[in-house]
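Below is one structure, written out as structure tokens; comments come after it.
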Amino acid sequence: MKLLVVGGAGYIGSHTVRQLRRAGHEAVVFDNLSSGHAQAVPDGVTLVRGDLLNPADIRAALDAHQPDAVIHFAALIEVGESMRAPGRYYRNNVTGSLNLLQAIVDTRKIPLVFSSTAAVYGTTDAVPIPENAAMQPESVYGETKLMTERMIHAFHVAHGLPYTILRYFNVCGAAPEGDIGEAHPNKTHLIELACLTALGQREKMMVFGTDYPTPDGSCIRDYVHVQDLADAHVLAVEALHAAHARGQAGQATYNVGLGHGFSVLEVLDAVDRVTGTPLHREVAPRRAGDPPRLVADATRIVRDLGFTPQFTDLDEIVRTAWNWHRTHPDGFRR
Ligand code: UDP
């Protein structure tokens, strides 16, 4: 199969390109490189520099490369920034996705796999969270993802667009080979920050709240390894494409997580074990908008697609992240 990977130069996109090729597929990357890295695109993979906000760019890429399916990662992803710059987020994430959808149905009506997020649920009482939980995003970021999910469904109903939506929980880790990994311009994620702190780039780790109603008082999250998440995309696009070849316009939405969580303090303990140096920690007030516990009910993707995460051991997950950051302290700049 030939895939157009929109946002394929980013963190999750680049790992997905690698897993697609390992599964025998061909990938073409479409990326505006606003936060992605050309160095994350492997030799032999075409990188089309284009922007979803220019409809002509995406139409030209679909025409030129004639893909069998599209995987769409391209988005701005920072919750805090989305609250300060909502216009940028709605324009980039919603209008950009709309341009992509319109281009797909106008040209080839091929299957689409979309990157969504557990942020569409907002604070929920459900633990673990099933896909049919109430959706009340608490950030503009989550709102843009939910709006895009709804647009995709409307295009499915109106135009027969086949789709699979994957709602990621806490994506982390790096390729075990240590050559690609997380390199966002602004660092906010727990494991990445802890690794950079262990490298001496920051003085200490702030623990945002130890007074939550959890066993050790810190927040619990479901940490899914980026390579397992990449494999989930391969499974999703293969299933969608097979159904499409049988004349079916499939539609499905899946959580992607391990189905169990680790607390902030457990993650920091793992980082201490892996790096061999205890981090300087400081308890700080709760971070606004952090629910105490976010854990996926991942039974649907296991049942339907045979998703089998390989990285279930926290130390192993952290070791891959540490290996990447240790060897690339400035990300793709070295
Ligand atoms: N966190 C923390 N200190 C940090 C960064 C994150 O205590 O420097 C906590 C954060 O409050 C949350 C968890 O770690 O409870 C995971 O946060 P992250 O930003 O990695 O992902 P999120 O759950 O927001 O998607």
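Between amide H atoms placed 1.01 Å from N, distances below 5 Å from Ile129 occur with Val295, Ala296, Asp297, all of them 5 or more places distant or on a separate chain.
Hey, in the GNM for the chain with a 10 angstrom Cα cutoff, which one of Val267, Val17, Val224 fluctuates hardest? Looking only at Val267, Val17, Val224, the biggest GNM fluctuation is shown by Val267. As a rough footprinting exposure proxy, the listed residues Lys187, Lys204, Lys145 were ranked by other beta carbons within 10 Å of their own, and the order from fewest upward is Lys204, Lys187, Lys145.
Pairs of C-alpha atoms in the chain farther apart than 33 Å represent 22 percent of all such pairs. Rg and Dmax, both from the Cα atoms of segment 178-260 and both in Å, are 18.6, 57.
Note on segment 1-131: the alpha carbon radius of gyration divided by the globular reference 2.2 N^0.38 Å gives 1.09.
Can you work out D for segment 252-334 in µm² s⁻¹ from Stokes-Einstein, where Rh is the Kirkwood radius over C-alpha pairs, the temperature is 37 °C and the viscosity is 0.692 mPa s? Answer from the Stokes-Einstein relation: 212 µm²/s. Each Lys and Arg Cβ is given +1 and each Asp and Glu Cβ -1; about its Cα centre, the chain then shows a dipole of about 580 debye. Only aspartates and glutamates eight or more places from Lys109 in sequence, or on another chain, were considered; those with a Cα closer than 18 Å are Asp57, Asp63, Asp68, Glu149, Glu238. Here, segment 189-334 yields an orientationally averaged convex hull projection of 10.7 nm² when only Cα atoms define the hull. Spread over its residues, the convex hull of the C-alpha atoms of segment 94-134 is 93 Å³ per residue. Which residue, chosen from Thr123, Leu100, Gly80, occupies the Cα position most advanced towards the positive end of the dipole of segment 69-138, where the dipole is computed from +1 (Lys, Arg) and -1 (Asp, Glu) charges on Cβ about the Cα centre? Of Thr123, Leu100, Gly80, it is Leu100. Screening the chain for whole DSSP H helices of 30 Å or more along their axis (Cα) with average Kyte-Doolittle hydropathy at least 1.0 returns none. The GNM of the chain, with springs linking C-alpha atoms under 10 angstrom apart, assigns the highest mean-square fluctuation among Gly160, Gly44, Gly36 to Gly44. If R0 equals 41 Å, the separation of the Cβ atoms of Asp290 and Arg333 corresponds to a calculated FRET efficiency of about 0.85. Neighbour counting of Cβ atoms within 10 Å sorts the residues Thr308, Thr144, fewest neighbours leading, into Thr308, Thr144. How about Lys187: which lysines have a C-alpha closer than 26 Å to its C-alpha, ignoring those fewer than 8 places off in the same chain? Qualifying lysines at Cα under 26 Å: Lys145, Lys204.
What range in the chain is the longest one free of GluC sites (Glu not before Pro) that are in a loop by DSSP and have at most 15 other Cβ atoms within 10 angstrom?
That would be 1-176.
Where a number appears in this text, it was derived from the coordinates with a stated rule and is not lab data. Quick caveat: nothing in here was measured; it's all calculated off a predicted structure. Here the Cβ is made from the backbone with ideal geometry for all residues, glycine too, and neighbour counts use every protein chain on show.
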